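Below: the structure, in structure tokens.
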2 protein chains.
Amino acid sequence: MKTVSTAKVHGGVQGVYTHASESCACDMTFAVFTPPQAENGPVPVLWYLSGLTCTHANVMDKGEYRRMAAELGLMIICPDTSPRGETIPDEKDNWQFGSGAGFYVDATQAPYAQNYRMYSYITQELPELIGANFPADMSRQAIFGHSMGGHGALTIALKNPERFRSCSAFAPIAQPSTAGWSQPALEKYLGPDEKDWRAYDATLLIRDGHRFPEFLVDQGTADGFLDEGLRPWLLEEACREAGISLTLHMRDGYDHSYNFISTFMDDHLKWHAKRLK
Amino acid sequence: MKTVSTAKVHGGVQGVYTHASESCACDMTFAVFTPPQAENGPVPVLWYLSGLTCTHANVMDKGEYRRMAAELGLMIICPDTSPRGETIPDEKDNWQFGSGAGFYVDATQAPYAQNYRMYSYITQELPELIGANFPADMSRQAIFGHSMGGHGALTIALKNPERFRSCSAFAPIAQPSTAGWSQPALEKYLGPDEKDWRAYDATLLIRDGHRFPEFLVDQGTADGFLDEGLRPWLLEEACREAGISLTLHMRDGYDHSYNFISTFMDDHLKWHAKRLK
């Protein structure tokens, strides 16, 4: 692991790091905010998964999470959203696939299966690296994210309920296997058999019996992707049928951007902190 | 005036606008955050002047001012730092002069005098535009900024003490006429006679009799520009001799970046709000 940069901010340290990832067979970059409380011992860990087109840096620049994370004593991990590099198969002009669009799956199809293994990266490789190199209390983890990453958080929590104490999402894609901006990516990463997509679709994981105690979701009503791409009512329906507690806030006039995320960031951080303490 | 974008954020509206500027003889872009309180009538106005290399957008993305400005009911205006465009004389490889480096002066030297008129732009043209188009209470204005823009705020307040109720700065250049990264710019904008620079140098304005009731300044101790470029002790000395109240916080371990600015943004907003109410 190499340190790219560190800076003091809101009493803690915002760092950016790279390492040679085995899962993705390339160098991967990630950001870690270490709160001031870490000087006195390991602190709980909150994972933030970003959306389409983002790197680790977007939420670091625009998410406004550090002030409250420093107050609550939370370590915030912001991974990249896909493998990257000249040797990584990609579709340069397609923002919904390839670089910036890993969808947090382990691809099974050539030529993507060698690098696009973001599920293993986020659930196995990166946690091991964090546990070994940062003052992180890995017995207290939570996860959240935005859009593609909000969905990533839901699926990862549903598949690893013993690991995460809480899970929330900003404007998550509720059912990627039937949404126009995600279904083609699942097909390219996982092959044409729709059965193979179910392990990476939050609503279908719930229908297939996966459970998590509760979710918090915020969604802007002025979000241009609401009706075609995000459709929180599908998550609402799946949760209701499964008896999963879902708190869904429809936020009047908010869009899909970091303006929306930063506005409700404090709420989500406090919600997670309560469950991590 | 044209609206480039607006978005709801922290209960208010972050907008970006362009207009054909007479002062700068080119199109200029600026950002305005309108807090929710503006629905009930005009709100006080706080000007934020950015530093070298920045546009209106950097502090908008990374400054973390909106949550507290919405709470306090402050309108935040973030202008650009220079004229821009293909027809504007510039030194492409020089980040300390030309585009992104207007130094808030009215240039007198060819070929810069036609466009580099940021002092007139910030003190006359843009306030008129804001007063005419936004729910701004122009009888309650304050000003702050960072680095080159922190210095711009100090000089503009010293030259217009009747207009601004308060003035603060993050890591301001204290004496640009003798600092290596600013002296060459003053010479190119204002000519070789050092007497002509005094009107745009905060410490020399104070020595020449200009006054402002009090300043708040925050400065990081790990700021790489501290000793050669910023030198807050020169401002401290000038204020002490002139009987101007200066609150100077040296912030342990903070650098020159938006990590530093965002950390102390709330403090400055609250300080201004107290004086604007």
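The values are calculated or read from the model by the stated rules, or taken from the named source; none is laboratory data. Source: prediction; values computed, not measured. Note that each Cβ is placed from the backbone with ideal geometry, even for glycine, and that neighbours are counted across all protein chains shown. Side chains included, ligands, DNA and RNA excluded: accessible areas come from the protein's heavy atoms. Shrake-Rupley method; radii C 1.70, N 1.55, O 1.52, S 1.80 Å.
Key figures
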| quantity | calculated |
| --- | --- |
| At least 30 Å² of accessible area lost relative to the chain alone, listed for region A:4-24 with a 1.4 Å probe | A:Ala7, A:Lys8, A:Val9, A:His10 |
| Estimated [θ] at 222 nm from DSSP helical runs (n ≥ 4, -39500 (n - 2.57)) normalised by residues in chain A, nearest 500 | -8000 deg cm²/dmol |
| At 1.567 mPa s and 4 °C, Stokes D of the protein assembly as shown from Kirkwood alpha-carbon radius, µm² per second | 52 |
| Too-long pairs where the Cα-Cα distance tops 20 Å, listed order kept, from A:Lys8/B:Lys62; B:Lys159/B:Lys195; A:Lys159/A:Lys195; A:Lys62/B:Lys274 | A:Lys62/B:Lys274 |
| Residues whose placed amide H lies under 5 Å from that of B:Phe215, excluding near-sequence neighbours | B:Ser245, B:Leu246, B:Thr247 |
| Listed residue (B:Leu158, B:Cys24, B:Thr87) projecting farthest to the positive dipole end of chain B, Cβ model | B:Leu158 |
| Per-residue HN-Hα couplings for region A:94-108 [Karplus 6.51, -1.76, 1.60; θ = phi - 60°; Hz; x = Gly/Pro] | 10, 6, 9, 7, x, 4, x, 9, x, 6, 6, 10, 9, 5, 10 |
| Phi-based couplings in Hz for region A:51-60 (Karplus 6.51, -1.76, 1.60; Gly and Pro marked x) | x, 3, 6, 7, 10, 4, 7, 4, 5, 4 |
| Nm distances between copies for B:Ala113, ranked from closest, using label points 7 Å along Cα→Cβ | 7.3 |
| For A:Arg251, residues with placed amide H under 5 Å, excluding near neighbours | A:Gln219, A:Gly220, A:Thr221 |
| Note, ³J(HN,Hα) from phi for region A:215-232, Karplus 6.51, -1.76, 1.60, rounded to Hz, x at Gly and Pro | 10, 10, 10, 10, 9, x, 6, 9, 6, x, 9, 4, 6, 8, x, 9, 6, x |
| Rule-of-thumb Rg ratio for chain A [Cα; 2.2 N^0.38 Å; N residues] | 0.93 |
| Using a 7 Å Cα-to-Cβ projection, B:Trp233 label spacings across copies, nm, ascending | 6.8 |
| Heavy-atom surface of region B:208-277, accessible at 1.4 Å and reported per residue (Å²) | 45 |
| Shielding by other protein chains, B:61-70, mean Cβ within 10 Å | 3 |
| DSSP bridge orientation in region A:88-241 - percent antiparallel, rounded to nearest 5 | 20 |
| Net dipole in debye of region B:1-113 [+1 Lys, Arg Cβ; -1 Asp, Glu Cβ; about Cα centre; nearest 20] | 380 |
| Relative contact order computed over chain A (Cα-Cα under 8 Å; 6+ residues apart), in percent | 17 |
| Extension reserve of the B:Asp137-B:Asp252 stretch, reckoned as 0.36 nm per residue once the Cα distance is removed | 37.7 nm |
| Options B:Val13, B:Ala110, B:Tyr189, ranked by Cα towards positive dipole end of chain B, top entry (Cβ charges) | B:Val13 |
| Built amide H within the under 5 Å cut-off of B:Val13, gap 5+ | B:Thr34 |
| Of B:Leu205, B:Gly41, B:Gly220, farthest towards positive along the dipole that unit charges on Lys, Arg, Asp, Glu beta carbons give region B:2-276 | B:Gly41 |
| Contact surface A-B: accessible area buried, both sides summed, square angstrom, 1.4 angstrom probe | 1700 |
| Delta accessible area of at least 10 Å² on complex formation, residues of region A:252-268, 1.4 Å probe, chain isolated as reference | A:Asp252, A:Gly253, A:Tyr254, A:Asp255, A:Asn259, A:Ser262, A:Thr263, A:Asp266 |
| Inter-label distance, nm, simple model (7 Å from Cα along the C-beta direction), A:Glu236/A:Asp27 | 4.6 |
| Other copies of B:Glu128: label-to-label distances in nm, shortest first, labels 7 Å along the beta-carbon direction | 6.7 |
| Descending principal axes extents, region B:44-97, alpha-carbon based, whole Å | 41, 18, 15 |
| Ranked packing of B:49-55, B:3-9, most packed first, by mean Cβ within 10 Å | B:49-55, B:3-9 |
| Within the accessible area of chain B (1.4 Å probe), percent carbon and sulfur | 47 |
| Cα centroid separation, region A:217-252 to region A:59-102 (Å) | 23 |
| Debye, to nearest 20: dipole size of chain B, +1 on Lys, Arg Cβ, -1 on Asp, Glu Cβ | 840 |
